[in-house]
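Coordinate-derived values only; no laboratory data. What you are looking at is a predicted structure, and each value in this text was computed from that prediction instead of being measured. Every residue, glycine as well, gets a Cβ built from its backbone with ideal geometry; the counts of neighbours run over all protein chains shown.
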Amino acid sequence: AQTVTQSQPEMSVQEAETVTLSCTYDTSESDYYLFWYKQPPSRQMILVIRQEAYKQQNATENRFSVNFQKAAKSFSLKISDSQLGDAAMYFCAYRTPSSGAGSYQLTFGKGTKLSVIP
Amino acid sequence: DSGVTQTPKHLITATGQRVTLRCSPRSGDLSVYWYQQSLDQGLQFLIQYYNGEERAKGNILERFSAQQFPDLHSELNLSSLELGDSALYFCASSLLDTSAIYGYTFGSGTRLTVV
């Protein structure tokens, strides 16, 4: 079974600085998708960024970028120019490849709580 | 508003009781997923429905069941509730084939407290 590990339960960053959140996963598949979700105090799960395993280029979305190392099964999230609104729980997720029956559930890590210090 | 509606937002009930959580997927989405988020835990996949049919099961207890109706809304039934069932229950929806492109749209969750 696929597993997703986030080894940093909590992290903090100064406003305007850069922070990197770590994520590793275990899979025997060669094609899959990876996601970072943000969960602010409102509890809403918000998609931050996604990466296809077959693409070597790292995904970027404005201040958010990933460092995808397929061989190492590592998928870290870098937040640049951190803002107070970035304070939240961040979850790394792996999408189970299609089983042919169309099963696409996500496997989540336990999350990293990010605090932003003014 | 994400487009996925979950009701109720909060629910407090006693041990041994039965509750029903409701989810209306985003318009056009055929697939519904249920997740459980316990304290200090990530989201655990419970079950998936696609166009009315069960598609995948995760670590869902036998006391829990779900269904998806012809109008695509879904209900998660939790029975013989225990204190450990207290959690945040999320529903997410996707169009299935495009889920990897656009991710999944999550509702705001139902906070269940069993006392």
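Add +1 for every Lys or Arg and -1 for every Asp or Glu among the other residues with Cβ under 12 Å from the Cβ of A:Thr24, and state the total.
The answer is +1.
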Q. What net charge do the residues around B:Phe64 carry, taking every other residue with its C-beta under 13 Å from that of B:Phe64, with Lys and Arg at +1 and Asp and Glu at -1?
A. -2
Q | Peptide A:40-50 - average C-beta neighbours from other chains (10 Å radius) | A | 4
Q. For B:42-50, what's the mean count of beta carbons from other chains sitting within 10 Å of each residue's beta carbon?
A. 5
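Mind checking the mean number of beta-carbon atoms from other chains within 10 Å of the Cβ atoms in A:82-95? Let's see the in-between values first.
On the way: counts 0, 0, 0, 0, 0, 0, 0, 2, 0, 3, 1, 4, 0, 4.
So the per-residue partner count for this stretch is 1.
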Q | Distribution of pairwise C-alpha distances over segment B:1-77, 10 Å bins, in % | A | 17, 50, 29, 3
Q | Where the Cα pairs of chain A fall when distances are cut into 10 Å bins, in % | A | 14, 47, 30, 8, 1
Q) Each residue of segment A:77-90 in turn: what ³J(HN,Hα) in whole Hz from Karplus with 6.51, -1.76, 1.60 and θ = phi - 60°, glycine and Pro shown as x? A) 10, 10, 10, 9, 6, 4, 10, 4, x, 7, 4, 4, 8, 10
Q. Counting only DSSP beta bridges with both residues in chain B, what percent are antiparallel, rounded to the nearest 5?
A. 90
Q. Between their Cα atoms, which of A:Lys38/A:Lys110; A:Lys73/A:Lys110; A:Lys55/A:Lys110; A:Lys38/A:Lys78 are more than 21 Å away from each other?
A. A:Lys55/A:Lys110
Q. At each listed q (0.08, 0.14, 0.18 Å⁻¹), what is the log10 of I(q)/I(0) that the Debye formula gives for the protein assembly as shown modelled as equal alpha-carbon point scatterers?
A. -0.29, -0.89, -1.37
